[in-house]
Amino acid sequence: MGIKDILIERIAAAMQAAGIPSDCSPMLALSGKSQFGDYQANGAMGAAKQMKTNPRELAQKILDKLDLDDIAEKVEIAGPGFINISLNKHFLAGQLTAKSEQITAKPQTVVIDYSSPNLAKEMHVGHLRSTIIGDALARLLEYQGHSVIRQNHMGDWGTQFGMLIAELELHLGEGDQANLALNDLEVFYQQSKKHFDADPEFADKARAYVVKLQSGDAHCRKLWQKFIDVSVAHNLEIYKQLNVGLRKEHIAAESSYNDDLGNVLSSLLEQGIAVDSEGAKVVFLNELADKNGEPSPMIVQKSGGGFLYASSDLACLRHRVGTLQADRILYFIDARQSLHMKQVFITGRKASFVPPTVSLEHHPFGTMMGADGRPFKTRSGGTVKLADLLVEAVERAEKLVREKNPDLDDSEIKLIARKVGIGAIKYADLSKTRTNDYIFDWNAMLSFEGNTSPYLQYAYTRIRSIFRKAGIEAEGFSAPVSIEQAQEKALALKLLQFNEVLDQVAADCYPHILCTYLYELASAFMSFYEQCPVLKDGVDSATQQSRLQLCALSATTLAQGLNLLGIEVMEKM
RNA sequence: CCGCCCAUAGCUCAAUUGGAUAGAGCAUCCGCCUUCUAAGCGGAAGGUUCCAGGUUCGAGCCCUGGUGGGCGGACCA
């Protein structure tokens with residue numbers, strides 16, 4: 001059990017003993033300022049309000065029943081009724097050596113929908129957020145002991161594919177090799193679009209191909225498969241470069257739900273949830289009605305008989321609940337899809353595709369902006385390919401590493417540059433509040449100062465350097481900790497809060513909370529590093545061992561935290 | 001017309017979801033390297049949290065009404 005849980009348990013018991021209703025929470029939080037101790041319990045004030053009594057007096061009553069002698073060196077009431085707790089150094093030291101693995105008490109099957117690019121084009125910066133945020137949560141929930149099922153809901157079934165098949169057929173007819181023609185998916189798409197717009201005959205063929213493809217025509221299917229294979233290979237390569245854990249087996253493309261679309265529709269019609277309207281089959285949701293009482297419409301079948309993404313998302317929901325047996329389904333999808341997600345969730349519940357026990361969660365995110373505050377584009381105004389962005393990140397990082405540390409040999413520099421460059425991009429994204437737009441800034445993310453991944457990676461290398469110098473193996477290092485300096489206490493406290501932070505991120509799916517924590521941990525280590533010498537002359541053996549233990553724990557916690565974010569560490573930089 | 005989201009230091013971002021004197025980093029200024037990597041550390045300065053009301057012991061956060069911006073809303077995804 002972590003510090004927070006211990007404190008909550010003790011304070012809750014004391015509150016109950018003081019005659020406070022059990023629905024009142026201790027409201028335990030980290031203290032904002034060091035003068036207010038390490039933790040503060042704010043529950044007395046809320047309880048006093050409910051009980052219509054004086055909050056300070058009630059806080060005193062709680063305190064009378066509260067026994068923290070083995071944990072705290074000071075507990076005091078302040079302000080209107082805050083209970084401030086300063087933890088005992090011996091207790092902290094003891095907790096550090098007793099530090100246990102974090103395995104969740106109630107493991108769940110969690111389906112995570114992320115990345116989900118459209119296969120018609122190359123991946124671009126718009127796919128970055130879903131890909132890395134989703135990946136971070138997949139890693140984190142897995143680390144906590146949940147059974148995570150990654151689902152890459154790739155768009156391989158839309159109307160554009162008729163166009164692309166027709167274009168591919170054209171190339172193959174001219175004797176081109178498929179792989180060569182599809183070498184640049186972006187160019188291929190543009191060519192195809194050009195033909196579609198300029199040539200009515202080509203356009204008609206493209207439209208006909210969509211229908212033929214979806215009804216299982218062998219020729220179309222074969223061309224389509226060729227295209228999909230190339231596009232998927234491109235995406236898997238991006239994931240590899242990004243150090244994202246998505247593999248081929250995680251692909252659950254739109255097309256895979258094709259066979260169930262008819263069933264979804266008939267179920268909705270039978271239950272009276274979908275009705276005929278202007279020739280289309282539509283679900284009208286009063287749950288999302290506006291002020292005038294107009295329900296929100298969601299088309300599940302077009303008047304021509306074609307299906308849309310609402311239908312496949314519902315079929316997908318059935319698969320995740322029925323076949324995958326999910327307890328919790330997380331969607332990392334752009335905030336612009338919020339209405340659509342609400343419609344799908346509500347309809348899924350109404351149609352009993354999803355039981356109340358299953359949690360459906362859309363975790364939206366904002367847009368990546370350029371320095372001008374407008375959506376991130378190339379200088380000429382085009383979309384930025386993800387592949388190009390990653391190459392640039394590594395190039396910029398390599399230049400910096402070469403400047404800062406010319407002693408490293410070339411292969412080392414390449415390796416470090418890749419980890420630093422990719423880590424910088426990912427961390428810059430993950431460290432911002434998910435739901436807001438954020439400004440993409442090369443200099444800020446690679447500046448090596450402040451809340452950046454290079455700063456955290458650097459903190460890690462500094463620790464590794466100490467162990468290298470001492471000739472001691474950090475892995476599995478164990479020694480008793482004794483806390484003397486303020487920097488040691490601050491560092492110890494931070495280290496002990498790791499699992500609390502993971503719980504919070506797992507619940508709310510905000511990775512920036514983990515980033516903030518890691519930055520504070522790294523800062524705490526840096527202050528410790530400046531103030532508390534480890535290997536220098538005059539440090540006695542016991543102190544040295546204790547400090548080495550703090551170093552070892554700092555290293556593993558930093559590395560583990562970064563690992564959960566999908567960011568790699570290195571020995572030197 | 002309807003609906004959702006956003007607005008915090010000059011800039012980029014936080015604020016444990018209603019808690020104390022709103023915090024970091026850039027940039028600016030002042031200190032610290034013959035000693036474990038100075039890609040670092042310590043300090044100073046910087047605020048009408050878009051505006052106006054309201055709720056209460058207490059509001060950046062909740063409610064109402066504005067202003068400004070972004071995004072969605074029947075046959076793309």
To two decimal places, what compactness ratio does region A:199-349 give when its Cα radius of gyration is scaled by 2.2 N^0.38 Å? 1.22
Calculate, in nm to one decimal, what A:Lys399 and A:Glu237 gain on full extension: separation in residues at 0.36 nm each, minus their alpha carbon distance. 55.9 nm
Explain nothing, just the number: relative contact order of chain A, from Cα pairs under 8 Å at least 6 residues apart, as a whole percent. 14
For region A:261-336, just list the percent of Cα-Cα distances falling in each 10 Å bin from zero outward, please. 17, 42, 35, 7, 0
Apply 1/(1 + (r/R0)^6) to the Cβ-Cβ distance of A:Ser277 and A:Lys350, taking R0 = 22 Å, and write down the FRET efficiency to the nearest 0.05. 0.80
Residue-ordered couplings for region A:33-48, obtained by feeding phi - 60° into the Karplus form 6.51 cos²θ - 1.76 cosθ + 1.60 and rounding to whole Hz (Gly and Pro as x), are 10, 5, 5, 9, x, 9, 10, 9, 9, 9, x, 4, 5, x, 5, 4
Could you tell me the relative contact order of region A:459-556? Use alpha-carbon pairs under 8 Å, at least six residues apart, and round to a whole percent. 48
Mind listing the phi-derived Karplus ³J(HN,Hα) values for region A:492-507, rounded to whole Hz, using 6.51, -1.76 and 1.60 with θ = phi - 60°, and x for any glycine or proline? 4, 4, 4, 4, 6, 8, 3, 5, 4, 5, 4, 4, 5, 5, 4, 6
When the distances between all Cα atoms of region A:386-564 are binned every 5 Å from zero, what whole-number percent does each bin get? 1, 8, 16, 18, 18, 15, 12, 8, 3, 1, 0
How many Å² of accessible area per residue for region A:403-483, probe 1.4 Å? 47
With angles folded into 0 to 90 degrees, how steeply does helix A:386-404 sit against the dominant principal axis of chain A? Use alpha carbons for both and round to 10. 40
Please go through region A:68-113 and write out the GluC sites (Glu not before Pro) that DSSP classes as loop and that have at most 15 other C-beta atoms within 10 Å. A:Glu101
Nitroxide proxy distance, nm - points 7 Å out along Cα→Cβ at A:Asp437 and A:Ala198: 3.5
From a point 7 Å beyond the Cα of A:Lys74 in the direction of its Cβ, which residues of region A:22-50 have a backbone N at a distance under 16 Å? A:31-41
Which loop-located trypsin sites (Lys or Arg not before Pro) does region A:313-413 contain, where loop means any DSSP state but H, G, I, E or B and the Cβ has at most 15 other Cβ atoms within 10 Å? A:Lys377, A:Arg379
Among A:Leu408, A:Leu415, what's the order by accessible area (1.4 angstrom probe), most exposed first? A:Leu415, A:Leu408
Can you list the lysines whose alpha carbon is less than 19 Å from that of A:Lys106, not counting same-chain residues fewer than 8 positions off? A:Lys4
Ordering of A:493-506, A:434-447 by burial proxy (mean other Cβ atoms within 10 Å per residue, highest first): A:493-506, A:434-447
Just the accessible area per residue of region A:303-399, please: how many Å² with a 1.4 Å probe? 47
Within straight cross-link reach of A:Lys385, meaning Cα distance under 16 Å, which lysines are found once same-chain residues fewer than 8 apart are removed? A:Lys121, A:Lys240, A:Lys377, A:Lys426
What distance in nm separates the two pseudo spin-label positions at A:Arg336 and A:Ala98, each 7 Å out from Cα along the beta-carbon direction? 5.3
Share antiparallel - DSSP beta bridges, chain A, percent rounded to 5: 60
Using a 1.4 angstrom probe on the protein heavy atoms only, line up A:Cys220, A:Cys24 by accessible area, largest first. A:Cys24, A:Cys220
Here the tail fraction of P(r) beyond 12 Å, over all Cα-Cα pairs of region A:413-467, rounds in percent to 66
10 Å-binned pair-distance histogram of region A:160-246 (Cα, whole percent): 17, 46, 27, 9, 1
Let me cross-check A:Phe307: its accessible surface, 1.4 Å probe, with only protein heavy atoms counted, in Å² to the nearest 10? 70
Relative contact order, percent, of region A:386-564 when contacts are C-alpha pairs under 8 Å separated by at least 6 residues? 24
Enclosed volume per residue, in Å³, of the convex hull spanned by Cα atoms of region A:205-248: 81
I need the phi-derived Karplus couplings for region A:12-19: 6.51 cos²θ - 1.76 cosθ + 1.60, θ = phi - 60°, integer Hz, Gly and Pro marked x. 4, 5, 5, 5, 5, 5, 8, x
Do any trypsin sites (Lys or Arg not before Pro) in region A:16-89 lie in a DSSP loop with no more than 15 other beta carbon atoms within 10 Å, and if so, which? A:Lys33, A:Lys52
Amide H neighbours of A:Ile439 under 5 Å, counting only residues 5+ apart in sequence or on other chains, H built in-plane at 1.01 Å? A:Met369
Carbon/sulfur accessible area of chain A, % of total, 1.4 Å probe, equals 49
A:Glu473 versus A:Lys222, label points 7 Å from Cα toward the beta carbon: distance in nm? 5.9
So what is the accessible area of region A:3-87 per residue, in Å², with the probe set to 1.4 Å? 53
Report the semi-axes of the equivalent ellipsoid for chain A in whole Å, largest first, where each axis is √(5λ) for an eigenvalue λ of the Cα gyration tensor. 50, 34, 18
For an R0 of 30 angstrom, estimate the FRET efficiency from the Cβ-Cβ distance between A:Leu288 and A:Ser147 and round to the nearest 0.05. 0.40
If you find the alpha carbon centre of region A:474-507 and of region A:282-314, how far apart are they in angstrom? 51
No solvent, one uniform scatterer per C-alpha: report log10 I(q)/I(0) for region A:3-87 via the Debye equation at q = 0.13, 0.19, 0.26 1/Å, two decimals. -0.33, -0.72, -1.40
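The values are calculated or read from the model by the stated rules, or taken from the named source; none is laboratory data. Because the structure is a prediction, the values reported are computed rather than measured. We place every Cβ from the backbone using ideal geometry, glycine too, and count neighbours over all the protein chains shown. Accessible surface is based on the protein model in full, side chains and every heavy atom, while ligands, DNA and RNA are left aside. Shrake-Rupley method; radii C 1.70, N 1.55, O 1.52, S 1.80 Å.
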